[in-house]
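Engineer: I have a structure I would like to understand better, so I am pasting it below and will then ask my questions one at a time.
The values are calculated or read from the model by the stated rules, or taken from the named source; none is laboratory data. Since this is a predicted model, take the numbers as computed values, not measurements. So basically every Cβ, Gly included, is an ideal-geometry build from the backbone, and we count neighbours across all protein chains shown.
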Amino acid sequence: MRQLVLVLLWCSLPAAAAFTQPQLAEFARQSTIKFAVQSNQLAEPMRFNADIVLQNGSNIALPKGEHDWQLYFHLIRRIDTTEQHGLSIEHVQGDLHRIRPTARFNGLAPAQQLTLSFSSAPWMVSYSDFMPRAFIVAANLQPEVFANTDSEDFSHFVLPLQTPAQLQRNFGEADQVAIVDAARRYKHNAAMLNGIANADSHQRIIPKPLQAKFGKRHTTLTADWQLQFSGRLTNEAQFLQQQLQPLGLQLGDSAATSANKTAILSLSVDTTLALGPESYQLSISDHSISIRGTDNAGVFYAIQSLLALAQPEQNAVLLPQADITDQPRASWRGMHYDMARNFHSKAVTLRLIDNMARYKLNKLHLHLTEDEGWRLQIPGLPELTEIGAKRCFDLSEQHCLLTQLGTGPHASGSGNGYYSTADFIEILRYAAARHIEVIPEIDLPGHARAAIVAMRARYNRLMAAGQPEAARQYLLSDPHDSSQYLSVQNYNDNAANVCLASTYAFVDKVLYELQQLYRQAGQTLQVFHMGGDEVAAGAWQGSAACQQLFQQPDNGVAGVADLKPYFVSRVATLTAQRGLALAGWEDGLMYDRQNTFNRSQFANKQVIANAWDNIWEWGVADRAYRLANNGYQVVLSPGTHLYFDHPHEAHPQERGYYWATRFTSIDKVFGFMPDNLYANADTTRSGAAIGDLEKLVGRQLPALQQPDNILGIQGQVWSETIRTAEQLEHMIYPRLLALAERAWHKANWEQHNNSALRKADWQQFANRLGQIELTRLAVAESSFYLPPPGVINTAKGMLANVALPGIAIEYSLDHGASWQQYQVAVLTDTNSVWFRSRKQQQVSRVVVSEKAVTDN
């Protein structure tokens, strides 16, 4: 449990007077709301206590008794209705809560404060658990945001998380994950960096090639070279020229068949190569660079390897002479991006595509819809984006979705927006030119609140216009549904009704428009991702439409338990008729924890499952193998290793949820072993070491009998706590590079999980990453996460290090007013020394070293 403190400042009004807009604005400017965790260490496991502290900093008193003002705030943990000091705290929807005065409220005078305590579950141990932009409303006035919460700096509205009771979770057993401090980080860095000086960064491509032999000589690529290619490789040749232009190079074009006496860079497709799809051979010699691919994609990836080896000089590029033979480990090398919860921009999506291509990832899974937003314009259904892509304070939800995730009350708040059809077509073309397939996800039947609300608004509009048949055409909710449920994200109305014919008309309409967008982009939609995950227990039980369905003969639906496979079967039929493969999250394709739906009931040639829920102690981590053995194609997407919305390290200042693991460091991503899923079972969520996995789950685990059904791996980034583009990129990069390493290359240490070989491989990877790849990301204008320094106090002064080579360390003796580069131990009489790491314009969070080393 834990407690949350909310501090509020208010103005002095006669008890019967109404607020004016200026008074409401002044109140929000001068008053403060602050949250404070009291303890996660309660007698009852998985709970916490917290406080909301309201402090009146204005000159107007909150009037006594029941009035029409209400205070709204965002909190990821649900607070059950409670009343204290005459103020009622109530859950509204999702993360939105409100505080309203009752007749028992005694008022709040200027300079006074009160504390509202509450308990919830499971824990809150991170600053990013708290959402910004609390606001006040009164009567018909415009909402006003509390100034102290209108910030991405949590220190303005969250009181410090410092004590063990605040930072350690209670599982019913001790939390064994140590909170990282500067000294512990220093020791970890030192151990990981030991021996790294011998690693060569220039010839270590990421991802690592299958075979690479480097000579001692170098070749200089200049504008005198001729570029030869056949017509089918025009796209790849243009891409290469575009990448060389910023380096001052423009190669001469030459027909592949023409004689040329100058130095030649040739691109060709060679189907006789004894390699699989997307493979290549790259040879660099004195006057010749030869790229041969088994297909266009292979040529493209060889170009990426060439660019990775390039060392820019004045209007030239220096390349090591080499012979490289390379092929991908997996056909599915994916990245999932949730812009549905918080929209970030088309530009950040295009940067993601560029970086995926640079590191040879080939599947972009776009999570386009959620409870909190619909992010793709669909012709003929304008409400989906006019309402579903915008959050604001509208309790009727006829103009926007109810505000969530720290957006606040205004439509200009963070997270709002969508891809227009033109944007999406541009994204599709941009990705295709880089050999990336875009997989669109429309999440149904759960996680569908944005669509449900939008279609209800459409229904109301058309009913008011006297068009009842048109109004019902795409309705996703049953007006006679009395079902009571609560989703994992605390919604009670987010499951589309699977018993309505209009639900399937909606699905087919969206499928049609998606196919049209792909065709306009010159492509063919191949895979439709239906989502299918996390449908709340209790959904549809009170639906009159479902009761009618149960009475119909020969439809295979006898009760609520049959509804989820019924929905998937209907969607499978719709997609199969359109020639599409169907994809879904693993739990959307299963009756229960162990039993998959019968694969034969789905007409699609491929049904693909993202296997994500691998919390070892929950006993469902074998579902990836169960699905593969039962005929489904599987993309490994494990929460414990490949969820990039989890913190980089176990520290309260690190952004992200931590339901699967307390942290996901880049070396943990690097260490994932796709070919032996159970070998990745290192610790439980509490940090307890796992010795015998079968003993932990209490049953035999199935072996993988159909390895060909494992398509590959995919990283995921969910955006509940990610409101800005910079925050997004800090979560994705550089972990995406470690994902690409494992998706493309099988390391020699994987088969026997050899820790010594893994450390040596990691050091080569880390050296390349810190010395070269972070600079390449910076040149591409991508933000990225930098690990903060480790620091220890010694008799010789303060010693600092950082996890990756090639990253500078800076320190400040004046609380950040000025910074100096760290080179030797800092010996000073200053009480507090600040440290941070730097690469290009990116800096890490600050570490403060005093008599005892702590993180700020």
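Engineer: Quick check, is N497 part of a loop (DSSP other than H, G, I, E, B), on the phi < 0 side of the Ramachandran plot and of a type outside the set (V, I, T)?
Structural biologist: yes
Engineer: Another question about this same structure. For region 116-155, how many residues are in a strand (DSSP E or B) and either surrounded by fewer than 18 Cβ atoms within 10 Å (Cβ to Cβ) or of a type in the set (K, R) (or both)?
Structural biologist: Taking region 116-155 and keeping what is in a strand (DSSP E or B), we get 116-120, 130, 135-138, 144-145.
Right, trim to either surrounded by fewer than 18 Cβ atoms within 10 Å (Cβ to Cβ) or of a type in the set (K, R) (or both) and you get 117.
Of the residues in region 116-155, 1 are in a strand (DSSP E or B) and either surrounded by fewer than 18 Cβ atoms within 10 Å (Cβ to Cβ) or of a type in the set (K, R) (or both).
Engineer: So I179 ticks every box in (1) more than 27 Å from Y658 (Cα to Cα); (2) out of contact with any strand residue (DSSP E or B) (no Cβ under 8 Å at 6 or more places or on another chain) but one. Which box is left unticked?
Structural biologist: Going through (1) more than 27 Å from Y658 (Cα to Cα); (2) out of contact with any strand residue (DSSP E or B) (no Cβ under 8 Å at 6 or more places or on another chain) one by one, I179 breaks only (1).
Engineer: Failed condition for V557, given (1) under 18 Å from V535 (Cβ atoms); (2) within 30 Å of the chain's Cα centre (by Cα), with all others met?
Structural biologist: (2)
Engineer: Still on this structure: Filtering region 193-209 down to residues that are out of contact with any His (no Cβ under 7 Å at 6 or more places or on another chain) and modelled with pLDDT of 95 or more, which residue is surrounded by the most Cβ atoms within 10 Å (Cβ to Cβ)?
Structural biologist: Among those residues, the one meeting the criterion is I205.
Engineer: Moving on to the next point. Check whether at least one residue in region 85-97 is surrounded by 20 or more Cβ atoms within 10 Å (Cβ to Cβ), polar (S, T, N, Q) and either in the same structural domain as A138 (by TED's automatic domain parsing) or without any contact (Cβ under 8 Å) to a residue 24 or more places away in the chain (or both), and report yes or no.
Structural biologist: yes
Engineer: Right, another one. Would region 532-543 turn up any residue that is at pLDDT 95 or above and in a helix (DSSP H, G or I)?
Structural biologist: no
Engineer: Do we have any residue at all in region 132-140 that's at pLDDT below 95, more than 30 Å from N170 (Cβ to Cβ) and not aliphatic (A, V, I, L, M)?
Structural biologist: Yes - at least one qualifying residue is present in region 132-140.
Engineer: Separate question: Within region 811-822, is even one residue in contact (Cβ under 8 Å) with a residue 12 or more places away in the chain, of a type outside the set (F, W, Y) and closer than 25 Å to Q764 by Cβ?
Structural biologist: Scanning region 811-822 turns up no residue that is in contact (Cβ under 8 Å) with a residue 12 or more places away in the chain, of a type outside the set (F, W, Y) and closer than 25 Å to Q764 by Cβ.
Engineer: Take the residues of region 718-745 that are of a type outside the set (S, T, N, Q) and touching an Asp or Glu at 6+ places or on another chain (Cβ under 8 Å): which is farthest from R776 (Cα to Cα)?
Structural biologist: Among residues in region 718-745 that are of a type outside the set (S, T, N, Q) and touching an Asp or Glu at 6+ places or on another chain (Cβ under 8 Å), the one farthest from R776 (Cα to Cα) is E720.
Engineer: Does A470 meet the test of being in the same structural domain as I353 (by TED's automatic domain parsing), in contact with a Leu (Cβ under 7 Å, 6 or more places away or on another chain) and either assigned to a loop (DSSP other than H, G, I, E, B) or surrounded by 24 or more Cβ atoms within 10 Å (Cβ to Cβ) (or both)?
Structural biologist: Against the criterion (in the same structural domain as I353 (by TED's automatic domain parsing), in contact with a Leu (Cβ under 7 Å, 6 or more places away or on another chain) and either assigned to a loop (DSSP other than H, G, I, E, B) or surrounded by 24 or more Cβ atoms within 10 Å (Cβ to Cβ) (or both)), A470 does not qualify.
Engineer: Just to verify a result, which residue in region 559-601, among those that are in contact with a Leu (Cβ under 9 Å, 6 or more places away or on another chain) and of a type in the set (F, W, Y), is nearest to N630 (Cα to Cα)?
Structural biologist: F597
Engineer: Scan (1) in contact with a Phe, Trp or Tyr (Cβ under 6 Å, 6 or more places away or on another chain); (2) crowded, with 16+ Cβ neighbours inside 10 Å for the single condition G538 breaks and write down its number.
Structural biologist: Just one mismatch for G538, condition (2).
Engineer: Could you check, for region 284-299, whether at least one of its residues is in a helix (DSSP H, G or I) and closer than 27 Å to W762 by Cα?
Structural biologist: Among the residues of region 284-299, at least one is in a helix (DSSP H, G or I) and closer than 27 Å to W762 by Cα, which makes the answer yes.
Engineer: Ok, one more. Check region 829-836 and report whether any residue there is out of contact with any Cys (no Cβ under 9 Å at 6 or more places or on another chain), under 26 Å from A738 (Cα atoms) and not β-branched (V, I, T). Please lay out each step first, then the result.
Structural biologist: First, pick out the residues of region 829-836 that are out of contact with any Cys (no Cβ under 9 Å at 6 or more places or on another chain): 829-836.
So of that shortlist, the ones also under 26 Å from A738 (Cα atoms) come out as 836.
Retained after the next criterion (residues that are not β-branched (V, I, T)): 836.
There is at least one residue in region 829-836 that is out of contact with any Cys (no Cβ under 9 Å at 6 or more places or on another chain), under 26 Å from A738 (Cα atoms) and not β-branched (V, I, T).
Engineer: Kindly indicate which of S331, S345 is surrounded by fewer than 22 Cβ atoms within 10 Å (Cβ to Cβ) and within 22 Å of W585 (Cβ to Cβ).
Structural biologist: S331
Engineer: Can you work out which of the residues in region 373-392 that are in a loop (DSSP other than H, G, I, E, B) and in contact with a strand residue (DSSP E or B) (Cβ under 7 Å, 6 or more places away or on another chain) is nearest to N610 (Cα to Cα)? Don't jump to the end; show me each part of the working.
Structural biologist: If we filter region 373-392 for residues that are in a loop (DSSP other than H, G, I, E, B), which is where we start, we get 375, 377-382, 387-390.
If we keep only those that are in contact with a strand residue (DSSP E or B) (Cβ under 7 Å, 6 or more places away or on another chain) too, we end up with 375, 377, 387-390.
On the way: R375: 21, Q377: 25, I387: 30, G388: 26, A389: 26, K390: 28 Å.
The selected residue is R375.
Engineer: Is it the case, given these coordinates, that T664 is touching a strand residue (DSSP E or B) at 6+ places or on another chain (Cβ under 7 Å) and buried (at least 16 other Cβ atoms within 10 Å of the Cβ)?
Structural biologist: The answer is yes for T664.
Engineer: May I pose another question? Is it the case, given these coordinates, that G406 is in contact (Cβ under 8 Å) with a residue 24 or more places away in the chain and either under 27 Å from A147 (Cα atoms) or not in a loop (DSSP other than H, G, I, E, B) (or both)?
Structural biologist: Judged against the criteria, G406 is a match.
Engineer: For region 674-788, please list each of the helices (runs of 4 or more DSSP H) lying entirely inside it that holds at least 2 residues being buried (at least 23 other Cβ atoms within 10 Å of the Cβ).
Structural biologist: On the way: elements: 693-697, 725-732, 735-744, 755-768, 774-779.
Output list reads 725-732, 735-744, 755-768, 774-779.
Engineer: Among the residues of region 242-269, count how many are at pLDDT below 65 and part of a strand (DSSP E or B).
Structural biologist: Looking only at that region, the number is 1.
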